[in-house]
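Reading through the structure tokens given below for one structure.
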Amino acid sequence: MASLITPILKPLDGPPIIDTKIQSLHPVTVSPQASQEYKLKAGVLLSRPPLLTRSLTSFEKAFFFYQKRLNERLALPFSRYFYFKKDTPADADWKLKAKDRGGAAARDLGGYNAYGEFGWNDELLVGDKLSETSTAIDLLVKDSYVRAVEGKDGAAVEVKPGEEHEQDNIVEKPLPRKTEADVKKQFQRLDRKLERTLYLCVQRKNGGWGFPAGELIGRENLHQAAERIIVQTAGVNMNTWVVGNAPIGHYVLKPKAATDDKPALVGEKTFFMKGRIMAGQANLAENVFGLGDFKWLTKEEIQRLVSPKYFSYVKNMLADR
């Protein structure tokens, strides 16, 4: 190694050789940055994945509605007597409902008759309420009520308007996409923003917000540290999974020299591991980091809560949906 840093080369045979290029190099010194200290930390991006598919755009709704009508045109005509025996209550029930639809077999296509005079007109304008999911739900729920029942003599009897509430087969509508937690803005609940990915954010002693993180202990690796930090942060009442052994990103807090009124600040290098929550809920009652609060937030909500520098490091780790 000495021959690499000295300008005088001493071969095995012959006189010494003076290398002028090496002689002109500046002496090697330790960079001030290299002498600065950093604490190595592991962080966790604990997320709840989307529970629902995203809402469709107006164009997508109109397109899929058109596909339904096109399928009606390509399918064979509806054979009523294949499904309903003639002159039975079920047959009478179907005829009453089909009459309200103009004879159309499909229940949620707005009375579209694929084999009628205007069967060619199967397109729908963007924004038409007929393609809205709420309209389809109302039509299907309305069609679910029985319109004809068996009378005393065995013949079909029509159920009069206003008597539907007496039926035993009341159909409930699907739950809305917006939950009670969305309406009341309860950020600690996991049943909010069902179409988006939520991430666990915690409030530290200094009031700042960020993802759960802690220093590595002993010889543990990032995966082991992430599992420990989840428990020490949010308790044991969660079924979680730390994905993989490699971090998905990092955050660097540079050290600061001491001043007259402030002590020196040791730098931090935090490497984030990806995690998933399958069941349970966070509980900070026994956390060891002095955390004050927690929230389950989307990417946009995190941006409004954390510092701009912190978000610049973590934004590419967060899902847009």
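The values are calculated or read from the model by the stated rules, or taken from the named source; none is laboratory data. Nothing here was measured: the structure is a model prediction, and the numbers come from that model. Note: ideal-geometry Cβ built from the backbone for every residue, glycine included; neighbour counts use all protein chains shown. Quick note on the areas: whole protein, heavy atoms, side chains included, nothing else; ligands and nucleic acids left out. Shrake-Rupley method; radii C 1.70, N 1.55, O 1.52, S 1.80 Å.
Hey, can you tell me all the residues within segment 302-318 that are in contact (Cβ under 8 Å) with a residue 40 or more places away in the chain and surrounded by 14 or more Cβ atoms within 10 Å (Cβ to Cβ)?
Narrowing segment 302-318 to residues in contact (Cβ under 8 Å) with a residue 40 or more places away in the chain: 302, 305-307, 310, 313-314, 316-318.
Selection gives I302, L305, V306, Y310, Y313, V314, M317, L318.
Please specify each residue of segment 172-204 satisfying the condition of being within 16 Å of T133 (Cβ to Cβ), touching a residue at least 24 places away in the same chain (Cβ under 8 Å) and surrounded by fewer than 17 Cβ atoms within 10 Å (Cβ to Cβ).
K173, P174, R177, E195
Restricting the first residue to segment 279-292 and requiring it to be among the charged types (D, E, K, R), which pairs with a second residue that is at pLDDT 95 or above meet a Cβ separation below 8 Å and a spacing of at least six or different chains?
Short answer, once both residue conditions are applied: none.
Give the residue, chosen from A279, A319, A246, A258, that is out of contact with any Gly (no Cβ under 8 Å at 6 or more places or on another chain), assigned to a loop (DSSP other than H, G, I, E, B) and closer than 21 Å to P50 by Cβ. Full working, then the answer.
On the way: A279 fails: assigned to a loop (DSSP other than H, G, I, E, B); A246 fails: closer than 21 Å to P50 by Cβ; A258 fails: closer than 21 Å to P50 by Cβ.
It is A319.
State which residue is modelled with the highest pLDDT when the search covers only segment 134-165 and only residues that are outside any loop (DSSP other than H, G, I, E, B) and open to solvent by 80 Å² or more (accessible area, probe 1.4 Å).
Step one: of segment 134-165, the residues outside any loop (DSSP other than H, G, I, E, B) are 134-144, 148-150, 156-158, 164-165.
With the extra rule that they be open to solvent by 80 Å² or more (accessible area, probe 1.4 Å), the set shrinks to 142, 150, 158, 165.
Details: K142: 84, E150: 80, E158: 78, H165: 53.
It comes out as K142.
Which numbered condition trips up F59, out of (1) open to solvent by less than 60 Å² (accessible area, probe 1.4 Å); (2) assigned to a helix (DSSP H, G or I); (3) of a type outside the set (S, T, Y)?
The failed condition is (1).
Would a scan of segment 295-308 turn up a residue that is farther than 21 Å from Q186 by Cα and out of contact with any helix residue (DSSP H, G or I) (no Cβ under 6 Å at 6 or more places or on another chain)? Step through it out loud before you land on a result.
Kept after step one, since they are farther than 21 Å from Q186 by Cα, are these residues of segment 295-308: 307-308.
From the residues that got through so far, the ones that are out of contact with any helix residue (DSSP H, G or I) (no Cβ under 6 Å at 6 or more places or on another chain) too are 307-308.
Yes, the conditions are met somewhere in segment 295-308.
Please verify whether segment 98-113 includes one or more residues that are open to solvent by 50 Å² or more (accessible area, probe 1.4 Å), outside any loop (DSSP other than H, G, I, E, B), in the same structural domain as Y66 (by the TED database) and out of contact with any strand residue (DSSP E or B) (no Cβ under 8 Å at 6 or more places or on another chain). Full working, then the answer.
Of the residues in segment 98-113, the ones open to solvent by 50 Å² or more (accessible area, probe 1.4 Å) are 99-100, 102, 107, 113.
Those still in the list that are outside any loop (DSSP other than H, G, I, E, B) too: 99-100.
Still in the running and in the same structural domain as Y66 (by the TED database): 99-100.
Narrowing the set further to residues that are out of contact with any strand residue (DSSP E or B) (no Cβ under 8 Å at 6 or more places or on another chain) leaves 99-100.
The answer is yes; a qualifying residue exists.
Among the residues of segment 189-229 satisfying the criterion of being assigned to a loop (DSSP other than H, G, I, E, B) and among the aliphatic types (A, V, I, L, M), which is farthest from the chain's Cα centre (by Cα)? Even if it seems obvious, please write down each step before you answer.
The initial filter retains those residues of segment 189-229 that are assigned to a loop (DSSP other than H, G, I, E, B), namely 189-197, 204-208, 211-212, 216-221.
Adding the requirement that they be among the aliphatic types (A, V, I, L, M) leaves 190, 194, 216-217.
Working: L190: 11, L194: 7, L216: 29, I217: 32 Å.
Applying the filter and picking the extreme gives I217.
Residues of segment 226-264 being open to solvent by 100 Å² or more (accessible area, probe 1.4 Å) and modelled with pLDDT under 90, which ones?
K254, K256, D260, D261, K262, P263
Return the only residue of P11, P32, P50 being in a loop (DSSP other than H, G, I, E, B), more than 30 Å from V242 (Cα to Cα) and either open to solvent by less than 60 Å² (accessible area, probe 1.4 Å) or at pLDDT 90 or above (or both). Don't jump to the end; show me each part of the working.
Details: P32 fails: either open to solvent by less than 60 Å² (accessible area, probe 1.4 Å) or at pLDDT 90 or above (or both); P50 fails: more than 30 Å from V242 (Cα to Cα).
The unique qualifying residue is P11.
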